[in-house]
Amino acid sequence: MDPIAPLQLLAGNHHFDKSHPRWTLFGPPSEGGDREFSTRIEFDREFSLPPVVQVGLSGLDADGTTTVRLRVRARHIDRAGFTLLVSTWFDSQVHGVDISWLALGT
């Protein structure tokens, strides 16, 4: 069995809400298309190869008068960071989210 290279684990927490200039998750309903918010998350230090990234929702502030629909994803993962993509659709109104993430790699 080949030895496994030492792994690095990095983690973070972030809050985003409607005070952010690019926030699109609170506003007029979409007609079938997603409303998306994206932002770049930079790691404290680079990995030697792109890591595996897991993102999760750790807090949510949403309008409770409609169904809450939310999707959280990591995209464009590279050695230095990733793009966080948060989306909703139809008449869901999201005021803010708290996001936690873990990155595991070498």
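The values are calculated or read from the model by the stated rules, or taken from the named source; none is laboratory data. Keep in mind the model is a prediction, meaning the values are calculated, not measured. Cβ atoms come from the backbone with ideal geometry, glycine included; neighbour counts cover every protein chain shown.
Any idea how many residues of region 24-46 are in a loop (DSSP other than H, G, I, E, B) and at pLDDT 95 or above?
Within region 24-46, the subset in a loop (DSSP other than H, G, I, E, B) is 24-33, 43-46.
Cutting the leftovers down to at pLDDT 95 or above gives us 43-46.
Summing the residues that are in a loop (DSSP other than H, G, I, E, B) and at pLDDT 95 or above in region 24-46 gives 4.
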_Residues of region 71-92 satisfying the condition of being at pLDDT below 95 and assigned to a loop (DSSP other than H, G, I, E, B)_ = Phe90, Asp91, Ser92
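State whether the residues of region 54-70 include one that is within 13 Å of the chain's Cα centre (by Cα), closer than 28 Å to Leu9 by Cβ and either modelled with pLDDT under 95 or in a loop (DSSP other than H, G, I, E, B) (or both). First the steps, then the outcome.
Within region 54-70, the first condition is being within 13 Å of the chain's Cα centre (by Cα), and the residues that meet it are 54-60, 70.
From the residues that got through so far, the ones that are closer than 28 Å to Leu9 by Cβ too are 54-60, 70.
Subset that is either modelled with pLDDT under 95 or in a loop (DSSP other than H, G, I, E, B) (or both): 70.
Yes: one or more hits.
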